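To start, the structure under review is shown below, and the notes come after it.
The values are calculated or read from the model by the stated rules, or taken from the named source; none is laboratory data. Please read all numbers here as calculations on a predicted model, not as lab measurements. Positions of Cβ are backbone-derived with ideal geometry, glycine not excepted, and every protein chain shown enters the neighbour counts. Side chains are part of the model used for accessible areas, which takes the heavy atoms of the whole protein and leaves out ligands, DNA and RNA. Shrake-Rupley method; radii C 1.70, N 1.55, O 1.52, S 1.80 Å.
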Amino acid sequence: MTDNTLIEHLVTSLRCLPGVGPKSAQRMVYHLLGRDRDGGRILANTLRAAMDDIGNCRLCRTFTESELCALCVSESRDPSLLCVVETPANVAAINRGTDYNGRFFVLLGHLSPLDGVGPGHLGIDQLKKRLDTGDIREVILATGSTVERQATAHYIAEFVRERGILVSRIALGVPLGGELEFVDSGTLAHALSGRGEYR
Amino acid sequence: MNVNHHPTLEPAFVLNRRPYRETSLLVEAFTAKSGRVGLVAKGARRGKIPLAPVLEPFRPLLLSWRGSGELFTLTVAEPDDSVCSPRIWSVKSGFYVNELLLRLLRRHDPSPDIFEDYRQVLKRIPVPGQEEPALRIFEKRLLAAIGYGLSLDQDAETGRPVEHEKSYRYQPGRGFVEDHGAPCISGDFAITVRGGTLIALGRETLQGSEQLREAKHLMRTILRGYLGEAPLASRMLYR
């Protein structure tokens, strides 16, 4: 096989996906060509449409093909609760796994000062405007627990508090089904210092 | 070529890390005996017990590595929690200090004194009222360690001791000379500072908002000369 055949081109293109190396890319290509050409055509068309038409929600910045996403439009959700997350995948995870019924704001990243990712990249101005509408009673920070993500939470908390809005942070601690002796000391320290009343 | 087999665990801190390939991390570490080193932490983002949560900045670690050349392969990483427990604090200054080390220290250049100073400054940053003086002392010692030490107790022109009440002007590459109010030639570095501040900085006894403010501007100006044109990325966090 030469480098510039269509097959080789397709293999290389598929490798832009996470977790797809040359071997699995080749397997996908042979599968589509040999067994599922219709599936391949549907994939190609959907992929093109998605890449062209999906943008970011004007309010919460998650991915959507409309101006506003379904969660921001929904009237049944509590508009006074705002959960700040890093990625659209986080929105999906919280929506699927919890009974949270408020709105979201997606940062699309976290502060990483030494890599040049600053507040300007995270839609902070947009978030501030949202807070200034006066509808929001509580901001829930649901960023991860690495140092940079905690710095992100800290940074946001500062200007939320300035506006007299309650700031909370999702709890950090022992995972369900976890045993204390296998939990690292940092997590354990957080779990202990952030302990809550037993109910 | 830099060959390094490092079977023993060495005290270290992570200065910065970024994702590398699918599951690995590229770690820039600052170690007690080997200075700044670049390490590849293979598979650190996956596996039964991923290493990524351990390889966090500002946390005292014990690391060992092997390999040769510019980048080593990390073999062991353990938290060295006997030294101090990690806590949540405003990490702006921590990032700033890390960026200074990344920009001013070369790789594989051992600087054990700076390692100890770094450990001290991390301890003092979260203590109320100690953050500013600790940063200034660290900046001063870091400059001295990389060969740009400041002569804070002597007038560079006359050789006379610096006096409390007088004003001094910083001259890059030379030191401090008494300021007689003459117009300054090099606009970028036009900074004057009181003798008292220079003496306090030298003796590491900075106190009072006025001294701290002067010392901060002075160190910022001096560091700008060594950091080059690119602005400090960690300043983005200061509003």
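Tabulated data
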{"quantity": "Hits in region A:1-41 (condition: surrounded by fewer than 10 Cβ atoms within 10 Å (Cβ to Cβ) and either in contact with a strand residue (DSSP E or B) (Cβ under 8 Å, 6 or more places away or on another chain) or of a type in the set (Val, Ile, Thr) (or both))", "calculated": "A:Thr2"}
{"quantity": "Output for region A:128-181, where each listed residue is under 21 Å from the mean Cα position of the chain (by Cα) and among the basic types (Lys, Arg)", "calculated": "A:Lys128, A:Lys129, A:Arg130, A:Arg149, A:Arg169"}
{"quantity": "So A:Val139, is it surrounded by 11 or more Cβ atoms within 10 Å (Cβ to Cβ), of a type in the set (A, V, I, L, M, F, W, C) and in a strand (DSSP E or B)", "calculated": "yes"}
{"quantity": "Residue selected from region B:222-239 under the condition free of Cβ contacts under 8 Å to residues at least 12 places away in the same chain and within 14 Å of another protein chain (Cβ to nearest Cβ), by the criterion most open to solvent (accessible area, probe 1.4 Å)", "calculated": "B:Arg239"}
{"quantity": "Failed item, numbered, when A:Ile170 is tested on (1) closer than 24 Å to B:Phe58 by Cβ; (2) modelled with pLDDT under 85", "calculated": "(2)"}
{"quantity": "Any hit, region B:178-194, residues being under 19 Å from the mean Cα position of the chain (by Cα) and surrounded by fewer than 18 Cβ atoms within 10 Å (Cβ to Cβ)", "calculated": "no"}
{"quantity": "Residue check, B:Met219 more than 14 Å from every other protein chain (Cβ to nearest Cβ), under 30 Å from A:Glu158 (Cβ atoms) and crowded, with 16+ Cβ neighbours inside 10 Å", "calculated": "yes"}
{"quantity": "Residues located in region A:160-191, provided they are facing chain B (nearest Cβ under 10 Å), under 30 Å from A:Leu131 (Cα atoms) and out of contact with any Leu (no Cβ under 9 Å at 6 or more places or on another chain)", "calculated": "A:Leu172"}
{"quantity": "Subset of region B:28-59 (residues that are surrounded by 16 or more Cβ atoms within 10 Å (Cβ to Cβ), more than 9 Å from chain A (Cβ to nearest Cβ) and under 19 Å from A:Gly144 (Cα atoms))", "calculated": "B:Ala44, B:Arg45, B:Leu51, B:Leu55"}
{"quantity": "Residue identified as away from chain B (no Cβ under 14 Å), among the basic types (Lys, Arg) and free of Cβ contacts under 8 Å to residues at least 60 places away in the same chain among A:Arg48, A:Arg61, A:Arg15", "calculated": "A:Arg48"}
{"quantity": "Filter result for A:Ala171 (in contact (Cβ under 8 Å) with a residue 24 or more places away in the chain, assigned to a helix (DSSP H, G or I) and either open to solvent by 30 Å² or more (accessible area, probe 1.4 Å) or within 21 Å of A:Val106 (Cα to Cα) (or both))", "calculated": "no"}
{"quantity": "Residue match in region B:68-84 (condition: facing chain A (nearest Cβ under 8 Å), at pLDDT below 90 and at negative phi)", "calculated": "yes"}
{"quantity": "Residue match in region A:105-121 (condition: β-branched (Val, Ile, Thr), more than 14 Å from every other protein chain (Cβ to nearest Cβ) and closer than 24 Å to A:Asp78 by Cβ)", "calculated": "yes"}
{"quantity": "So A:Ala191, is it on the phi < 0 side of the Ramachandran plot and open to solvent by 60 Å² or more (accessible area, probe 1.4 Å)", "calculated": "no"}
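Conditions (1) more than 14 Å from chain A (Cβ to nearest Cβ); (2) not charged (D, E, K, R), marked per residue:
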residue: B:Phe95; (1), (2): no, yes
residue: B:Leu101; (1), (2): no, yes
residue: B:Asp109; (1), (2): yes, no
residue: B:Glu132; (1), (2): yes, no
residue: B:Leu135; (1), (2): yes, yes
residue: B:Leu142; (1), (2): yes, yes
residue: B:Leu152; (1), (2): yes, yes
residue: B:Asp155; (1), (2): yes, no
residue: B:Glu163; (1), (2): yes, no
